[in-house]
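The values are calculated or read from the model by the stated rules, or taken from the named source; none is laboratory data. What you are looking at is a predicted structure, and each value in this text was computed from that prediction instead of being measured. Because the Cβ atoms are built from the backbone with ideal geometry, glycine has one as well, and the counts that use them run over all protein chains shown. Ligands, DNA and RNA are excluded from the accessible area calculation, which covers all protein heavy atoms including side chains. Shrake-Rupley method; radii C 1.70, N 1.55, O 1.52, S 1.80 Å.
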Amino acid sequence: MKIKDPIQFIYRMETLLDVYKRPFDSRFPVVCMDETTKQLINNICKPLPMCPGHGERVDYEYERNGVGHLIMFFEPLGGYRRVYVKTSHTKKEWVHCLKELMESKYKDAEKVTLVMDNLAVHSAAAFYEFLPAEEARQLLRRFEFQYTPKHASWLNMAEIELAALSKQCLDRRISDLDALKKEIKSWESDRNKTAVSANWHFTAEDARVKLKKLYPTF
């Protein structure tokens, strides 16, 4: 992998790693956001049920039934996650997901630091496209946006939580959007009940050793 602008990469990475060092504060939570998709698949033949020594067995033939778009919000220190399941991932969905999240989970927070990748969809200006100007302005005042560098999705802790979701919940055929929402809601509820958090250790000091080839030499 060749990084076109190492200095910009370093700046964004170290800024984000400083954010991850902040102590937990419910008034100023750090929330990571990432997204993925899930192919919806119908079985053509009825699966064979579980029996001693065998799990459920499915036939190799299947029927595609669309795609579910998952938007994950994960608060690493608070041990909270919220997954929205949509038919598409556009600026409109992104804005309304953030609005709902702020009005429910973070209604008492003074400012939320939102960590995400730098997709065109993730634009502060998008708030003005889908909300009245005053509402958009007031909502944006309660956000601090932090973008991961290009080619560094591993710096986003929401990606770790998406990996857990894929392994624990999505690693099988799911037929339709309603079933997908139900399964994810159950997984989300169980994880939130036990407040499964993330313990991040990688620091800017570590980066200067492990990624020293990116840093200029003086």
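The range 98-140: which GluC sites (Glu not before Pro) are DSSP loop and have at most 16 other beta-carbon atoms within 10 angstrom?
When the GluC sites (Glu not before Pro) of the range 98-140 are filtered for loop state and at most 16 Cβ neighbours within 10 Å, GLU110 remain.
Using a/c under 1.5 as the rounded threshold, could you call the range 149-202 rounded, prolate or oblate? The axes a ≥ b ≥ c are square roots of the C-alpha gyration tensor eigenvalues, and prolate needs a/b larger than b/c, oblate otherwise. It would help to have the intermediate numbers written out before the result.
Values: a/c = 2.97, a/b = 1.54, b/c = 1.93.
Here the range 149-202 falls in the oblate category.
Give the label of the value calculated from the structure for Kirkwood radius over Cα pairs in Å, choosing from (1) 23.2; (2) 19.4; (3) 18.9.
(2)
How long, wide and thick is the range 82-193, going by the Cα atoms along their three principal axes, in whole angstroms, largest first?
On the principal axes, the range 82-193 reaches 43, 31, 27 Å in Cα extent.
If I build a Gaussian network model for the chain, linking alpha-carbon pairs within less than 10 angstrom, which residue out of SER175, SER104, SER189 has the largest mean-square fluctuation?
Taking springs between Cα atoms under 10 Å, the residue moving most is SER104.
Using a 10 angstrom cutoff on alpha carbons, build the Gaussian network for the chain and name the most mobile of LEU119, LEU162, LEU180.
Of LEU119, LEU162, LEU180, the Gaussian network model singles out LEU119 as fluctuating most.
Please name which of LEU119, LEU155, HIS69 has its Cα lying farthest along the dipole of the chain towards the positive end, using unit charges on Cβ (Lys, Arg +1; Asp, Glu -1) and the Cα centre as origin.
Of the candidates, LEU155 comes out farthest on the positive side.
Please find, in a Gaussian network model of the chain (springs between Cα atoms separated by less than 10 Å), the residue of LYS86, LYS185, LYS107 whose mean-square fluctuation is greatest.
In the Gaussian network model the winner is LYS107.
Report in % the part of the accessible area of the chain that belongs to carbon and sulfur, leaving out ligands and nucleic acids; probe 1.4 Å. Provide the component values of the computation, followed by the final result.
Numbers: 6810 of 12890 Å².
The C+S portion of the solvent-accessible surface of the chain is 53 percent.
For the range 104-153, what is Rg from Cα atoms divided by 2.2 N^0.38 Å, rounded to two decimals? Let's see the in-between values first.
Details: Rg = 12.2 Å, N = 50, 2.2 N^0.38 = 9.7 Å.
Compactness ratio reported: 1.25.
What is the chain's relative contact order, in percent, from Cα pairs under 8 angstrom and six or more apart in sequence? All intermediate terms of the calculation are to be shown ahead of the outcome.
Working: 317 pairs, mean separation 63.9, N = 218.
In percent, rounded to a whole number, it is 29.
If amide hydrogens are placed 1.01 Å from N in the peptide plane, which non-local residues have theirs closer than 5 Å to the one on ASN65?
Here LEU40, ILE41, ASN42 satisfy the definition.
Which of rounded, prolate or oblate describes the range 176-218 when judged by the alpha-carbon gyration tensor and an a/c cut-off of 1.5? Before the final figure, lay out the partial values.
On the way: a/c = 8.87, a/b = 2.74, b/c = 3.23.
Because a/c hits 1.5 or more and a/b fails to exceed b/c, the range 176-218 counts as oblate.
Give, rounded to the nearest 20 debye, the magnitude of the charge dipole that the chain has about its Cα centre when Lys and Arg contribute +1 at Cβ and Asp and Glu contribute -1 at Cβ.
In total the dipole reaches around 340 debye.
In what sequence, largest accessible area first, do LYS213, LYS181, LYS150 appear using a 1.4 Å probe? Intermediate values should be presented prior to the final figure.
On the way: LYS213 195, LYS181 90, LYS150 155 Å².
Result of the area sort, largest leading: LYS213, LYS150, LYS181.
Among DSSP beta bridges lying fully in the chain, give the percent that are antiparallel, nearest 5.
Details: 20 of 28 bridges.
Counting DSSP beta bridges with both partners in the chain, the antiparallel share is about 70 percent.
Could you work out how far the C-alpha centroid of the range 114-179 sits from that of the range 193-214, in angstrom?
20 Å
What are the ³J(HN,Hα) values, in whole Hz, obtained from phi via the Karplus relation 6.51 cos²θ - 1.76 cosθ + 1.60 with θ = phi - 60°, for each residue of the range 110-120 in sequence order, with x given for Gly and Pro?
7, 8, 9, 8, 10, 9, 7, 7, 9, 6, 4
For THR203 and LYS4, calculate 0.36 nm times their separation in residues minus their Cα-Cα distance, and state this gained length in nm to one decimal. Before the final figure, lay out each step's value.
Details: separation 199, 0.36 × 199 = 71.64 nm, distance 2.25 nm.
Gain on stretching THR203 to LYS4: 69.4 nm.
Stretched out fully, how many nm does the piece from ASP178 to THR217 gain, at 0.36 nm a residue minus the Cα gap? Write out the running numbers ahead of the final one.
Details: separation 39, 0.36 × 39 = 14.04 nm, distance 5.48 nm.
Between ASP178 and THR217, full extension yields 8.6 nm more.
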